[in-house]
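Engineer: Before we start, here is the structure in question, set down as structure tokens.
The values are calculated or read from the model by the stated rules, or taken from the named source; none is laboratory data. No experiment lies behind these values; they were computed from the predicted model shown. Note: ideal-geometry Cβ built from the backbone for every residue, glycine included; neighbour counts use all protein chains shown. Quick note on the areas: whole protein, heavy atoms, side chains included, nothing else; ligands and nucleic acids left out. Shrake-Rupley method; radii C 1.70, N 1.55, O 1.52, S 1.80 Å.
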Amino acid sequence: MHDYPHHLAKWHHHPEYELHLIQESSGEMMIGDYVGDFRPGSLVLTGPGLPHNWVSAILPGARVPDRDMLIQFSPAFADKVVALCPEFQDLGALFSDAARGVEFSGETAEAGRRLLREIGAANGPQRLVLFLELMAALAGRPEERRILSRAAAGDVAPPRASGKLEVAIHHISENYATPIRLAQVAGLCGMEASAFSRFFKKQTGHTFARYVNGTRVHSACNLLSRTDKPVTDICFEVGFNNVANFNRQFVRICGRSPSAYRRDSRRIGTIPRRDPATEARA
């Protein structure tokens with residue numbers, strides 16, 4: 001546990017998984033490219049290398065005692081837990097989702113808060129027993145977890161993707177800035193358009209058009225937070241053909257306008273902006 005402000009409470013990342021509970025105060029959090037509100041009881045699991053920060057809305061000079069309660073564990077340990085027995089296979093999907101940050105709700109969040117606090121009060125082998133119970137509780141109801149960031153630390157394709165899905169996702173990630181037709185990508189996968197549409201929705205949970213728009217919005221998030229390019233230029237650079245649709249899709253996915261996202265991401269994340277001239281020299 002630690003207070004807020006604290007030298008650990010900053011925009012950062014690390015190689016471990018982290019389950020993070022906010023015990024007191026409200027404010028805004030940034031998980032990867034996601035910016036949103038948090039309140040007491042907010043429970044988030046972040047994967048290795050995924051940047052994160054929670055900024056409480058408090059008066060200058062104020063302090064929030066024991067604001068953060070968290071536990072970290074290594075990817076190697078997570079892999080061992082998943083392989084321990086068939087009953088833990090569902091944890092693999094949980095850890096895959098954590099690559100983009102996961103916020104829990106409902107009974108899952110309630111159980112997670114309780115077990116995390118019990119781990120803090122336990123000693124010896126009981127801590128490990130409670131940790132396994134905690135992971136099982138977090139994995140048990142996928143409908144009570146919400147993926148936060150469009151981008152993972154490694155920006156990888158969805159886990160356990162089939163060969164055809166990998167082809168489709170690779171094509172989208174390489175060509176999102178140009179017009180992309182469902183029929184064209186279906187052809188690359190050797191499928192009829194209607195069959196591919198159903199296949200893609202089943203595999204990713206998104207329609208083809210929504211996935212493409214999400215990829216474009218994610219790219220826009222990077223440009224907004226890391227460059228000074230005008231919003232209109234970014235709109236066309238990432239593949240949208242009109243500003244109104246870009247703004248509509250951005251608000252749907254990120255919950256705020258592109259300009260608000262740029263302001264909030266810099267205030268919360270203090271992300272350094274890219275200098276094209278420096279990059280060119282490098």
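Engineer: Under unit Cβ charges (Lys, Arg +1; Asp, Glu -1), what dipole magnitude, rounded to 20 debye, does the chain have relative to its Cα centre?
Structural biologist: Here the chain has a charge dipole of around 780 debye.
Engineer: Straight-line reach from LYS229: which aspartates and glutamates have a Cα under 18 Å away, not including same-chain ones fewer than 8 places off?
Structural biologist: ASP33, GLU237, ASP264, ASP275, GLU279
Engineer: Next up: Given a Förster radius of 25 Å and the C-beta distance between ARG146 and SER257 as r, what FRET efficiency does 1/(1 + (r/R0)^6) yield to the nearest 0.05?
Structural biologist: 0.75
Engineer: Using +1 at the C-beta of Lys and Arg and -1 at the C-beta of Asp and Glu, which of ASN53, VAL167, ALA93 has the Cα lying farthest in the positive direction of the dipole of the chain?
Structural biologist: The residue sitting farthest along the positive end of the dipole is VAL167.
Engineer: Of the DSSP beta bridges with both residues in the chain, give the percent that are antiparallel, rounding to the nearest 5.
Structural biologist: Rounded to the nearest five, the antiparallel share is 100 percent.
Engineer: Any chance you could list the semi-axes, whole Å, largest first, of the equivalent ellipsoid that the Cα gyration tensor gives for region 1-46, using √(5λ)?
Structural biologist: Here the semi-axes work out to 16, 14, 11 Å.
Engineer: I'd like to check one number: the per residue accessible area of the chain, probe 1.4 Å, reported in Å² as a whole number.
Structural biologist: 51
Engineer: Here's a follow-up. Working from the alpha-carbon coordinates of region 1-145, get Rg over Rh, Rh being the Kirkwood radius.
Structural biologist: We get a ratio of 0.96 for region 1-145.
Engineer: Something else: About the Cα centre of region 182-255, what is the dipole size in debye to 20, counting +1 per Lys and Arg Cβ and -1 per Asp and Glu Cβ, all else neutral?
Structural biologist: I would put it at about 320 debye.
Engineer: Here is a follow-up. Arrange the peptides 169-179, 20-30 so that the one whose residues have, on average, the most other Cβ atoms within 10 Å appears first.
Structural biologist: In decreasing order of mean packing, 169-179, 20-30 become 20-30, 169-179.
Engineer: Round to the nearest 10 and give me the degree value, 0 to 90, for the angle of helix 75-84's Cα axis relative to the longest principal axis of the chain.
Structural biologist: 80
Engineer: Dipole size in debye (nearest 20) for region 1-81 around its Cα centre, Lys and Arg Cβ +1, Asp and Glu Cβ -1?
Structural biologist: 80
Engineer: Moving on. Grab the Cα-Cα distance for GLU174 and ARG248, subtract it from 0.36 nm times how many residues apart they are, and report the gain in nm with one decimal.
Structural biologist: Full-extension gain reported as 24.3 nm.
Engineer: Sorted by accessible area (1.4 Å probe), largest first, how do SER105, SER56, SER96 line up?
Structural biologist: My answer, sorted largest first, is SER105, SER96, SER56.
Engineer: While we're on this one: What's the Cα-based Rg to Rh of the chain, Rh via Kirkwood?
Structural biologist: 0.99
Engineer: Got a sec to turn the phi values of region 131-146 into Karplus ³J(HN,Hα) couplings, 6.51 cos²θ - 1.76 cosθ + 1.60 with θ = phi - 60°, whole Hz, x for Gly and Pro?
Structural biologist: The phi angles translate into 4, 5, 5, 4, 5, 5, 5, 5, 8, x, 10, x, 6, 9, 10, 10 Hz.
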